[in-house]
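Here the structure is laid out as C-alpha cells; the discussion comes afterwards.
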Amino acid sequence: QVQLVESGGGLVQAGGSLRLSCAASGRSASTLYMAWFRQAPGQEREFVARISRSDSFATYADSIKGRFTISRDNAKNTVFLQMNSLKPEDTATYYCAAGSQPLYYTLASTYDYWGQGTQVTVSS
C-alpha cells in the first residue's frame, strides 16, 4: 500500500508560479511511475505529467508543455510539479498518482494510488 500526500497549492495571479509536492510513504517511490493529474469543476480528470521510475524520463500534456516541469527525488520519496507562467485555465484540483504500469499513462485508471488533491487557483 502507498500513501500519497500533496502540498503546495494555493492562489496565484496569472503569470505566477507554484511548486507542488507529493510525498509518498509505505513503499519506495523509486519502484513506481509517478504522475500528476488535474480536475476542474464539472470536468473529467486530466493527465498533466508523468515521470519514469529511475531515469526520470518525463512526459507532458500539450496544454502545459514548456510551462510545467515534473521531477522526483527518490531519496526523499517525493515528486514535484513546478508550474510557471500559470494561466486561469490551469485552475483545478491537482492530484498525485502512482502506479506500476508503463503504458497508457495518460489514463487515470492506469494508476493504483492517489493523493487527496491540492487546490490551485489562478486569478486573471
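Please find, within the range 34-52, the residue that is farthest from SER100 (Cα to Cα) out of those that are in contact with a Ser or Thr (Cβ under 6 Å, 6 or more places away or on another chain) and surrounded by fewer than 23 Cβ atoms within 10 Å (Cβ to Cβ). Outline the logic, then answer.
Applying the first criterion (in contact with a Ser or Thr (Cβ under 6 Å, 6 or more places away or on another chain)) to the range 34-52 yields 39, 47, 50.
Narrowing further to those that are surrounded by fewer than 23 Cβ atoms within 10 Å (Cβ to Cβ): 39, 47.
Numbers: GLN39: 22, PHE47: 16 Å.
Out of the qualifying residues, it is GLN39.
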Do we have ALA58 as farther than 15 Å from THR121 by Cβ and among the aliphatic types (A, V, I, L, M) here?
yes
I want to confirm something. Restricting to the range 87-121 and keeping residues that are open to solvent by 20 Å² or more (accessible area, probe 1.4 Å) and small (Gly, Ala, Ser), which single residue is modelled with the lowest pLDDT?
SER100
Name the one entry in THR69, THR59 that is of a type in the set (Val, Ile, Thr), open to solvent by 50 Å² or more (accessible area, probe 1.4 Å) and touching a residue at least 12 places away in the same chain (Cβ under 8 Å).
THR69
Starting from residues that are over 20 Å from GLY15 (Cβ atoms) and touching a helix residue (DSSP H, G or I) at 6+ places or on another chain (Cβ under 8 Å), keep the ones in the range 72-85 and report whichever is least open to solvent (accessible area, probe 1.4 Å).
VAL79
If you go through the range 19-31 one residue at a time, do you hit one that is outside any strand (DSSP E or B), of a type in the set (A, V, I, L, M, F, W, C), open to solvent by less than 30 Å² (accessible area, probe 1.4 Å) and over 19 Å from VAL122 (Cα atoms)?
yes
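The values are calculated or read from the model by the stated rules, or taken from the named source; none is laboratory data. None of the values given here were measured: they were computed from a predicted structure. Using ideal geometry, Cβ is built from the backbone for each residue, glycine included, and neighbour counts are taken over all protein chains shown. Protein only, heavy atoms only, side chains kept; ligands, DNA and RNA dropped before computing areas. Shrake-Rupley method; radii C 1.70, N 1.55, O 1.52, S 1.80 Å.
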